[in-house]
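Working notes for the structure below.
What follows is calculated from the coordinates using simple rules that are stated; it is not laboratory data. If you're wondering where the values come from, they're calculated on a predicted model, not measured in any experiment. Because the Cβ atoms are built from the backbone with ideal geometry, glycine has one as well, and the counts that use them run over all protein chains shown.
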Protein chains: 2
Amino acid sequence: MKRVITIAREFGSGGRHIGQLVAEKLGYKFYDKELILLMARESGLSDKFIEEAGEKVTSSFLFNVAMGGIYLNNSYNHNAMPLSDKIFVVQNKIINQLAEEGPCVIVGRCADYILKDRDDCLNVFIHSKMEDKIKRAVEFYNIAQKNAEKEIRKKDKSRASHYYYYTGIEWGKAENYDVTLNSGSLGIEACADAICNLAK
Amino acid sequence: MKRVITIAREFGSGGRHIGQLVAEKLGYKFYDKELILLMARESGLSDKFIEEAGEKVTSSFLFNVAMGGIYLNNSYNHNAMPLSDKIFVVQNKIINQLAEEGPCVIVGRCADYILKDRDDCLNVFIHSKMEDKIKRAVEFYNIAQKNAEKEIRKKDKSRASHYYYYTGIEWGKAENYDVTLNSGSLGIEACADAICNLAK
């Protein structure tokens, strides 16, 4: 049984919705980007919290590179960190805590990479064709049809860069996930069922 | 219900075995690379067969590029085709015929691309980590442990080049399949079950 399910997803692929369905079906907690960001802000970007969180992620060489070597010699100056990196460090700690607390679905936030040393994780990537993503973006995100494709490409480019910056791994490559699903061709419900079955 | 399941797979990932299991579970026919190659040879690489087969695939622009433009102006000289291209043309025709005949699982041979215009196909890619592939290669293919990694990389490079040459598409990218599965982390049986469920 996989206790933690991470879902990475292209914008407009319905990956977040699939994550919610999976969480409902399995009775798991559900955490998405907004919730984790909120937790990070609330649990405080205090120096102490960041310091502790930072210690937790220093095992990652790539992460250290992203941090610009500020962890070298076991002494780092967290004041020198850009805010986005501080947030990442804190989110990292929070995601590890959430996974430890109980069964959950975590959408986005490099969770697959952050939890890569756990063997109770199922890592999922959801994608679909541009025409399907445009349809969803227009229907569910109030994006104008004429801007949709540009907006989707921009969002996905930003997700890919964020992921690569913190992990050194290419986003959306089959080999980095346990399962990737095309939500456009398979349908949202079928994707959720497939994930639930694979988690069992 | 998906009547045709195509399976592309990394060498040593157990994709062929998964295909066999899926065919058994669903009561579908099973065709792999060797069988299709045999059919291509048996149904003859006769001029007439190749000519007919060639007509069937001219709709693909990329295929024409691979063919070096020999189809331009609707007149082509099939004697000028390299043998590997003749075989591809005939295999293309055979794969289309097999898909037409009845429910089946087809492993390899760019079948996903060849059948891309059908809407009753489920396109699958199976991969796994190098350590898992080495284990399978040693156990099932009698490959010496010390040569296994080199052999696997060589085989997969050749599959990727073959696929790219005939389709212009990158092999093994999540976006080109309905589902990709890591057989090492999920297990052969779980992959087969997931495919059967998605086909239904």
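Can you pull the one-decimal nm distance between simple spin-label points at A:Gln97 and A:Lys116, each 7 Å off the Cα toward Cβ?
Those two pseudo-labels are separated by 2.4 nm.
If the chain between A:Leu35 and A:Leu83 were fully stretched, how many nm would it gain, using 0.36 nm times the residue separation less the Cα-Cα distance?
Working: separation 48, 0.36 × 48 = 17.28 nm, distance 1.79 nm.
That pair, A:Leu35 and A:Leu83, stretches by 15.5 nm at full extension.
Where does the charge balance sit around A:Ala137 when Lys and Arg score +1, Asp and Glu -1, over other residues with C-beta under 10 Å from its C-beta?
0
Does the range B:87-135 come out rounded, prolate or oblate, given a ≥ b ≥ c as the square roots of the eigenvalues of its C-alpha gyration tensor, rounded meaning a/c under 1.5 and, failing that, prolate meaning a/b above b/c?
prolate
Per residue, what volume in Å³ does the convex hull of the Cα atoms of the range A:106-200 enclose?
Cα convex hull per residue, to the nearest whole number: 103 Å³.
Once you list every other residue whose beta carbon is under 13 Å from the beta carbon of A:Leu35, what net charge do they have if Lys and Arg are +1 and Asp and Glu are -1?
Summing Lys/Arg as +1 and Asp/Glu as -1 gives +2.
Whole-Hz ³J(HN,Hα) for each residue in the range B:114-123, computed from phi via Karplus 6.51 cos²θ - 1.76 cosθ + 1.60 with θ = phi - 60°, x for glycine and proline: what do you get?
Along the range B:114-123, the couplings run 4, 9, 4, 8, 7, 9, 10, 9, 10, 9 Hz.
Which whole-Hz ³J(HN,Hα) couplings does the range B:144-151 yield from phi under the Karplus relation 6.51 cos²θ - 1.76 cosθ + 1.60, θ = phi - 60°, glycine and proline marked x?
Per residue, the Karplus-derived 3J(HN,Hα) values read 5, 3, 5, 9, 4, 4, 4, 4 Hz.
What full-extension length gain, to one decimal in nm, is calculated for B:Gln145 and B:Asn197 as 0.36 nm per residue of separation minus the Cα-Cα distance? Walk me through the numbers before you get to the answer.
Numbers: separation 52, 0.36 × 52 = 18.72 nm, distance 3.53 nm.
Contour length minus Cα-Cα distance gives 15.2 nm.
Give me the three principal axis extents of the range A:145-184 from the C-alpha atoms, as integers in angstrom, largest value leading.
Largest to smallest, the principal-axis extents are 34, 26, 8 Å.
In whole angstrom, note down how far apart the Cα centers of the range B:112-158 and the range A:93-164 are.
One Cα centre to the other: 28 Å.
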